[in-house]
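The values are calculated or read from the model by the stated rules, or taken from the named source; none is laboratory data. Note that the structure is a prediction, hence the values are computed from the model and not measured. FYI the Cβ positions are ideal-geometry reconstructions off the backbone, even for glycines, and counts take in every protein chain you see.
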Ligand SMILES: *Cc1c(COP(=O)(O)O)cnc(C)c1O
């Protein structure tokens, strides 16, 4: 009864979401602070009767709010049900079997190969530098490719490329192929490539409300791109689900996006905590990669990553471990509140 297509799937394994409060949860890069007070107000005052009606299939108001902030028009904005869905539509619209493999970094967001299998897109992983930075010149060494995708900052390493490295790459790479920059963590210290979209219509920037905007539970993400690229994404969406964004998500997303000051403040707090923990871990003799995101990628010489993960879990601290050659001894630690991180540090100094 199952299709051959189905039998080939290799699904993504999401980080654990324990349904009790026993853990200090530092494993899926959620924001430790609540969303803007304006979100709370909407939820309190929302009229349940409005849910009788379908949402705006084009999410115009939300796209206006996002476009204004980025100096773009609503026609440059494609919102979706989490950036994972937006990314999936991008893979469908822009990458195929015809022009060679899709290129992405060797260690990166593990959903990319999953979408490749889903849509039958060949791919090639490009090695990182020794310091775990992405080297975009290596992406130019391949003869044929149907496009490029990388997160900036990269996940799970946290390492950031400056925007002029991105523009330098766009200048040299084919204008006929899409380059997707997944900026899930850009608000934690990076500079966005959104300003490059006008000069490089093959460049698409994907963002999410899940991390810096404290709305992982709402499922809201978006792509910024040329009007052509956004129209293509609309075609994919309307071939799949006309209403991926419900009424509440559109209303809340708009209000959240307009409360920039609040979000800048909590991002500043997270960055400050991150730098404090970076130093504290180094003082405990950990090797920690410099991070421009809301997580740290670290290893403790002499101890296996699986052991770090397992012993922390037993002690009530949940982090993420990827059992992949080259990064198997690292754990990824989401930056939580100062109080959570103090307990994390105290647990580490006790255990390791
Ligand atoms: C978290 C994350 C996403 C997915 O975000 P959602 O909007 O919650 O689907 C996409 N890309 C990267 C690199 C991420 O870390």
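Values as computed for the structure displayed
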{"item": "Residues of the range 329-347 classified as surrounded by 22 or more Cβ atoms within 10 Å (Cβ to Cβ) and closer than 16 Å to residue 315 by Cβ, total", "result": "5"}
{"item": "Selection within the range 206-228 - surrounded by fewer than 23 Cβ atoms within 10 Å (Cβ to Cβ) and more than 24 Å from residue 262 (Cβ to Cβ)", "result": "226, 227, 228"}
{"item": "When residues of the range 90-105 are limited to those that are in contact with a helix residue (DSSP H, G or I) (Cβ under 8 Å, 6 or more places away or on another chain) and within 12 Å of the ligand (Cβ to nearest atom), the one nearest to residue 238 (Cα to Cα)", "result": "90"}
{"item": "Identity of the residue in the range 215-234, touching a helix residue (DSSP H, G or I) at 6+ places or on another chain (Cβ under 7 Å) and under 22 Å from residue 158 (Cβ atoms), that ends up farthest from the ligand (Cβ to nearest atom)", "result": "215"}
{"item": "Matching entry among 255, 249 (being out of contact with any strand residue (DSSP E or B) (no Cβ under 8 Å at 6 or more places or on another chain), outside any loop (DSSP other than H, G, I, E, B), over 30 Å from residue 142 (Cα atoms) and within 15 Å of the ligand (Cβ to nearest atom))", "result": "249"}
{"item": "Number of positions in the range 82-102 that are buried (at least 19 other Cβ atoms within 10 Å of the Cβ) and on the phi > 0 side of the Ramachandran plot", "result": "1"}
{"item": "Matching entry among 126, 180, 134 (being under 22 Å from residue 291 (Cα atoms), in contact with a strand residue (DSSP E or B) (Cβ under 7 Å, 6 or more places away or on another chain), without any contact (Cβ under 8 Å) to a residue 24 or more places away in the chain and in the same structural domain as residue 92 (by TED's automatic domain parsing))", "result": "126"}
{"item": "Qualifying residue in the range 196-205 (condition: touching a residue at least 12 places away in the same chain (Cβ under 8 Å), crowded, with 21+ Cβ neighbours inside 10 Å, within 15 Å of the ligand (Cβ to nearest atom) and closer than 20 Å to residue 59 by Cβ)", "result": "yes"}
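Table: residues versus (1) within 24 Å of the chain's Cα centre (by Cα); (2) buried (at least 18 other Cβ atoms within 10 Å of the Cβ).
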{"residue": "265", "(1), (2)": "yes, no"}
{"residue": "270", "(1), (2)": "yes, yes"}
{"residue": "277", "(1), (2)": "yes, yes"}
{"residue": "293", "(1), (2)": "yes, yes"}
{"residue": "310", "(1), (2)": "no, no"}
{"residue": "319", "(1), (2)": "yes, yes"}
{"residue": "326", "(1), (2)": "yes, no"}
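Residues checked against (1) without any contact (Cβ under 8 Å) to a residue 12 or more places away in the chain; (2) touching a helix residue (DSSP H, G or I) at 6+ places or on another chain (Cβ under 6 Å); (3) within 16 Å of the ligand (Cβ to nearest atom); (4) not assigned by TED's automatic domain parsing to the domain that holds residue 226:
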{"position": "65", "(1), (2), (3), (4)": "no, yes, no, no"}
{"position": "83", "(1), (2), (3), (4)": "no, no, yes, no"}
{"position": "87", "(1), (2), (3), (4)": "no, no, yes, no"}
{"position": "107", "(1), (2), (3), (4)": "no, no, yes, no"}
{"position": "110", "(1), (2), (3), (4)": "no, no, yes, no"}
{"position": "117", "(1), (2), (3), (4)": "no, no, no, no"}
{"position": "145", "(1), (2), (3), (4)": "no, no, no, no"}
